[in-house]
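Structure first, then comments.
The values are calculated or read from the model by the stated rules, or taken from the named source; none is laboratory data. In this text the structure is predicted, and so the values were computed from the model without any measurement. For neighbour counting, all protein chains shown are included, and Cβ atoms are generated from backbone atoms with ideal geometry for every residue, glycine included.
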Amino acid sequence: MGADGWLVLVVLVAMIAGLGLRRVSPTVGVVGALILLFVSGAADADIAFAGFSNAAPLTIGALYVVAGAVRHTGALAFALTKLAGGRGAGRIVLGSAVSSAFVANTPVVAILIDPVIRWAREHNRDASQVLIPLSYATILGGMITIIGTSTNLVGSGILEELSFDPLSFFEPARFGVPVAVAGLAITGFLGPRLLPARPSDGISDSASMPPEFAVSCEVVAGGPMDGVPVEKAGLRNLPGLFLVALHHARGGEIVAPVSPHHVLRAGDVCSFVGSVNDIVELQNRPGLRFAEAEQLGALEDGQHAWFEAVIGNGSALVGRTLKQAEFRGRYQAAVVALHRSGRPIAKKLGDERLRLGDSLLLVSDLGFAGRWDRRSDFVLVRRRSEPPPTASGKSAISLAILGAVVVLSLFQITDVLRAAVIGAALTVATGVLSPRQARDAVDLNVVVLIAASIGLGGTAAGSGLAERLAQGLTDALAAVGAWGVALGVVVAALVLTEFVTNAGAVGIMVPIAVSAATGVGADPRLFALGAIAAASASFLTPIGYQTNTMVYGPGRYHFTDYSRLGVPLTAMVIAVVPLFMVHGPLW
């Protein structure tokens, strides 16, 4: 391995460290690493930017349009909500897994969170024992087809760059089906036994926001609470609300806990914690004023609404306060309350640094969800108090187009890229989505991340780094044989996907897996499929995959809750996938 290979190694290590420590977003980290390698001369333009002409990112962009149409018309929401009305959690989990084989798992989870929480309440179950299985089921279902997850498409694209044939529609199922079946069995049996029981109190039938949102209200000068003790002001026994702290207007002193005899003064900021519906009602209490009182008044014009937005892994908001992020100006929205799993929030909202998984209750115009639903800033954006989903007149068209894409790809009438482009074109031509809606349905951050990941994988292979790392892996595990090398590939992919994202993990590991297979005389394609399957298996943390982050707040989870069920699932992947890589899957 020459100087270029060592430079690629240093840049990759720095990128992994930056992503693992959450210093940069996945897109910035991967694209930045690729640009640095290109500028330094370690990667030629043909290799570094091959991903931007590869079929994978173009396919994903087109599939975003097709899947966006299914979601926009209400077809997916209607079907999934009907499914969630069933008698058993197993039916919900299984249905979500099947759906995720053909539709991106993010909208599947987004649509099912509310019905699942409502179902849990009606059946005296805890939503915390169902939401993580829901997320894991969609991950498992996505492993079955080429369009089920971007990981499969990225892996297929890298194989093409390495002069192999791309994956066929159901080729990932050779590993995906056994893993999914075993994973769903483990989830169904161990989920209720291992996951915490945390009741979702305070969630109404009309909305299923997480409980214990934090909100700050200011004492109005000259109002009925100015100069009145806390207890006399009626703030000690508010239904569904608890006064956790008080910030003095003068001097900034924080009082916590707050004595019932403490006298309120104009400008004092009261920090409450409680259910979302009670917080919404708090705006009508005389003598208190939300910091965003002006924006709350806009709710009466019919052009504004309540929204919930969950902060995602790649969001620029992580680690910043609302003031530092200039939230109102950037997002044209006013944050009224904040929910964080794990501990209460006593600071004023404007002074609290935001974290991954935080849920924001905000007010904005009706176009907020359309602007931000597919961006990396939030992994989930949903409007409160929407009418129940019903399949619109165009839902049948959107489902027919999705079916056509599947049939064209499955029976190899054409390749996946052409099938996806045909589907996207038909979506716009039939009026299911307008050109602007089709454009908004595409998450450019994901498309760019995937293109850059392919380029990074090609650079690792072209510089000799992948071959050198594979040789080191082979030498270290030579005593164990091909199975030991396969095990090393799987474990490395599992670790990387938790900290670097699945696209970055598969970009790094597929070239290494192919070289390692050659070194031990195994089938390079099977080793590549194993690396792809392992890169999809993110079950240990809420940050490894976006659906895990989406259920973090609504399920009232702690960071370590994911490993309770995630460890058995990961152990299953470690046991099953290496065997298939060496001896071949069942078919």
Under 8 Å between Cβ atoms, which residue pairs at least 6 apart in sequence (or on different chains) link something in region 50-74 that is at positive phi with a partner that is assigned to a helix (DSSP H, G or I) and surrounded by 22 or more Cβ atoms within 10 Å (Cβ to Cβ)? Gly74/Ser395
On the basis of being surrounded by fewer than 24 Cβ atoms within 10 Å (Cβ to Cβ) and under 27 Å from Pro196 (Cβ atoms), does Thr570 make the cut? yes
Between Ala425, Ala396, which is surrounded by fewer than 16 Cβ atoms within 10 Å (Cβ to Cβ), of a type outside the set (Phe, Trp, Tyr) and modelled with pLDDT of 95 or more? Ala425
Say whether the condition of being at pLDDT 85 or above, buried (at least 21 other Cβ atoms within 10 Å of the Cβ) and assigned by TED's automatic domain parsing to the domain that holds Phe49 is met by at least one residue in region 472-482. yes
Taking Met581, is it modelled with pLDDT of 85 or more and more than 26 Å from Pro57 (Cβ to Cβ)? yes
Would a scan of region 525-546 turn up a residue that is of a type in the set (Phe, Trp, Tyr), surrounded by 24 or more Cβ atoms within 10 Å (Cβ to Cβ) and modelled with pLDDT under 90? yes
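To keep it simple, each residue is scored yes or no on (1) farther than 15 Å from Ala337 by Cα; (2) modelled with pLDDT of 75 or more.
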{"position": "Leu235", "(1), (2)": "yes, yes"}
{"position": "Leu241", "(1), (2)": "no, yes"}
{"position": "Leu246", "(1), (2)": "yes, yes"}
{"position": "Leu264", "(1), (2)": "yes, yes"}
{"position": "Val269", "(1), (2)": "no, yes"}
{"position": "Phe272", "(1), (2)": "no, yes"}
{"position": "Asn284", "(1), (2)": "yes, no"}
{"position": "Phe290", "(1), (2)": "no, yes"}
Some residue of region 76-85 being assigned to a loop (DSSP other than H, G, I, E, B) and either over 30 Å from Gly403 (Cα atoms) or modelled with pLDDT under 85 (or both): yes
Against the definition (buried (at least 22 other Cβ atoms within 10 Å of the Cβ), at pLDDT 80 or above, in contact with a strand residue (DSSP E or B) (Cβ under 7 Å, 6 or more places away or on another chain) and among the small types (Gly, Ala, Ser)), how does Ala337 come out, yes or no? no
